[in-house]
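The values are calculated or read from the model by the stated rules, or taken from the named source; none is laboratory data. Keep in mind that what you see is a predicted model, and the values were worked out from it rather than measured. Note that each Cβ is placed from the backbone with ideal geometry, even for glycine, and that neighbours are counted across all protein chains shown.
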């Protein structure tokens, strides 16, 4: 899927990693990161940030992933979204700006953590301490302008199929999840466009080292039952009216019809909406600030890929339940840093199996990017967290190593388990950094640099971001675009994509040179474009306007489940809603401690 240049460099990197020793001490490059949420003390005052930097230095951490956007609100002044509900910063204080200055002075990277899906977490007719106005107090908030009660054209949120509303609140069936969240649907072009604009504006104005995506998916829902035999495990979500209209146009379905939750084409459609967002953001970021890294908190619900059952990635819950095809993102290169949230309790045999499956897969599925292991310190004793650190640093069965670790969370660093009490938070930083505290040799006994990303520093590859505009002057939504290297060799494989709702397609890690774009739209417009050659180390942006006469409808081919995607042999296996709520919580669900 990648260019010959990327393939060659990836092969060199693979040999280097496979031959190298596991990270074991000072000066060996590895990511050592903390997830720092904005619900608890850590980011809201200058003193909070001073304490955070002090603890990060004590623990020899080199990366802070700071939550600066949630519920479509920010922890920094933004011209596009208001401040987080109820937050009044001290006069003249900018949390993100202050964190960057203080962290960079200590050689610590700052990645801006942004929640994508959830836009509101309350009941719009009942005021609460978190939402005193019942809805967000800012009248310009996304939920107030594009949420509950708005007409279809203005409605940005996701819904369930009207006949399958399990997992949603009885007061708002099909809209608000039982967890209390209202989710944006990335199948709505305006919603995706707005979110990317917020993130790119932040990137332009702050010297952040990267953007970190969370909730970059659809919400997790119960299995739809009953289901036709042989169709796998269906989940009912993603029915934003505009997204469904777009799906029907792309697949030639009757206008106004609703796809079934177990329709393979609709499942692929939902995955495509999320992937298209990540791809465009990656290229927009590279265009603005090539050194900035894109990372994401990735789902590892329930069982991981394995050869025992067997279970492929396409048969795991990230892929078939929340439509997050993060293995593809790593393969395509639209993430620089994958951070799977392998939040598993070490004292439970069933979750130990899950932990080992997912860390094995993470190490082996880095392709030519970096993968780090996200550990659920909030679920484990300090001793068990150190066990998971050691397993995460060990080589996989094929000899691959992860590129580091990230812990959830800075605020809750350990849990009471049978036979072990809760320890004060600072014991975590002592445990990881001081020999003899909890292990003879502490895992982070000395400082370590962040691993170099060769594709960021040795920028030989080129990138392309194209926007296809139809004959009517609107985005050519769903246009099939084939990107081919002119005069390319056998390793220069064509890239085939469908334009997103805003008309975008893109190519990552291309050989510099000229490319041919062959375009056909669902309405029948066709065009071949050969723009200026793409240049190494840059994103070449272009817009292609279609003026060709219609030549007949060009509809997307139906998606048919392959053997690697079918879940028949897994029975009805999926993690219960109660289970993922317990072990994969939102930050606001974690216990509050001083």
Members of the range 502-524 found to be out of contact with any strand residue (DSSP E or B) (no Cβ under 7 Å at 6 or more places or on another chain) and within 23 Å of residue 188 (Cβ to Cβ), listed by number
521, 522, 523
Would you pick out the residues in the range 422-442 that are free of Cβ contacts under 8 Å to residues at least 60 places away in the same chain and surrounded by 20 or more Cβ atoms within 10 Å (Cβ to Cβ)?
431, 442
Does any residue of the range 454-467 turn out to be touching a helix residue (DSSP H, G or I) at 6+ places or on another chain (Cβ under 8 Å), buried (at least 19 other Cβ atoms within 10 Å of the Cβ) and farther than 16 Å from residue 280 by Cα?
yes
Six or more apart or on different chains, Cβ atoms under 6 Å: show the pairs whose first residue is in the range 154-174 and in contact (Cβ under 8 Å) with a residue 40 or more places away in the chain and at positive phi and whose second is in a loop (DSSP other than H, G, I, E, B) and crowded, with 16+ Cβ neighbours inside 10 Å.
167/221; 167/222; 174/159; 174/160; 174/165
Restricting to the range 169-193, name every residue that is outside any loop (DSSP other than H, G, I, E, B), touching a strand residue (DSSP E or B) at 6+ places or on another chain (Cβ under 9 Å) and at pLDDT 95 or above.
182, 183, 184, 189, 191, 192
Within the range 226-237, identify whether any single residue is at pLDDT 95 or above and either out of contact with any strand residue (DSSP E or B) (no Cβ under 8 Å at 6 or more places or on another chain) or in a loop (DSSP other than H, G, I, E, B) (or both), and answer yes or no.
yes
Which numbered condition in (1) buried (at least 24 other Cβ atoms within 10 Å of the Cβ); (2) in contact (Cβ under 8 Å) with a residue 24 or more places away in the chain; (3) more than 25 Å from residue 36 (Cα to Cα) is the only one that residue 397 fails?
(1)
Residue 105 meets each of (1) free of Cβ contacts under 8 Å to residues at least 40 places away in the same chain; (2) more than 27 Å from residue 30 (Cβ to Cβ) with one exception, condition (2)
Is it fair to say residue 543 is at pLDDT 85 or above and touching a strand residue (DSSP E or B) at 6+ places or on another chain (Cβ under 8 Å)?
yes
Turns out the helices (runs of 4 or more DSSP H) fully within the range 239-330 with at least 1 residues that are at negative phi, under 16 Å from the mean Cα position of the chain (by Cα) and at pLDDT 95 or above are 264-288, 317-320
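Restricting to the range 331-350, name every residue that is touching a residue at least 12 places away in the same chain (Cβ under 8 Å) and assigned to a loop (DSSP other than H, G, I, E, B).
Across the range 331-350, the qualifying residues are 333, 334, 335, 336, 343, 344, 345, 346, 347.
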Step by step: first the residues of the range 412-421, then only those that are surrounded by fewer than 22 Cβ atoms within 10 Å (Cβ to Cβ) and in contact (Cβ under 8 Å) with a residue 60 or more places away in the chain, then the one that is farthest from residue 384 (Cα to Cα). Which residue is that?
418
Taking the residues in the range 519-539 that are touching a helix residue (DSSP H, G or I) at 6+ places or on another chain (Cβ under 9 Å) and at pLDDT below 90 as candidates, determine which candidate is nearest to residue 250 (Cα to Cα).
522
Residues of the range 273-292 classified as more than 28 Å from residue 478 (Cα to Cα) and either crowded, with 21+ Cβ neighbours inside 10 Å or in contact with a strand residue (DSSP E or B) (Cβ under 7 Å, 6 or more places away or on another chain) (or both), total
1
What are the residues in the range 45-92 that are under 30 Å from residue 182 (Cβ atoms) and out of contact with any strand residue (DSSP E or B) (no Cβ under 8 Å at 6 or more places or on another chain), if any?
45, 48, 78, 79, 80, 86, 87, 88
Suppose we filter 506, 478, 489 for residues that are exposed (fewer than 15 other Cβ atoms within 10 Å of the Cβ) and in contact with a helix residue (DSSP H, G or I) (Cβ under 7 Å, 6 or more places away or on another chain); which single one remains?
489
Starting from residues that are outside any loop (DSSP other than H, G, I, E, B) and touching a residue at least 40 places away in the same chain (Cβ under 8 Å), keep the ones in the range 75-102 and report whichever is surrounded by the fewest Cβ atoms within 10 Å (Cβ to Cβ).
97
Just name the residue that is nearest to the chain's Cα centre (by Cα) out of those in the range 156-166 that are buried (at least 21 other Cβ atoms within 10 Å of the Cβ) and assigned to a loop (DSSP other than H, G, I, E, B).
158
Meets criteria (closer than 18 Å to residue 376 by Cα, in contact with a helix residue (DSSP H, G or I) (Cβ under 6 Å, 6 or more places away or on another chain) and buried (at least 19 other Cβ atoms within 10 Å of the Cβ)) for residue 39
yes
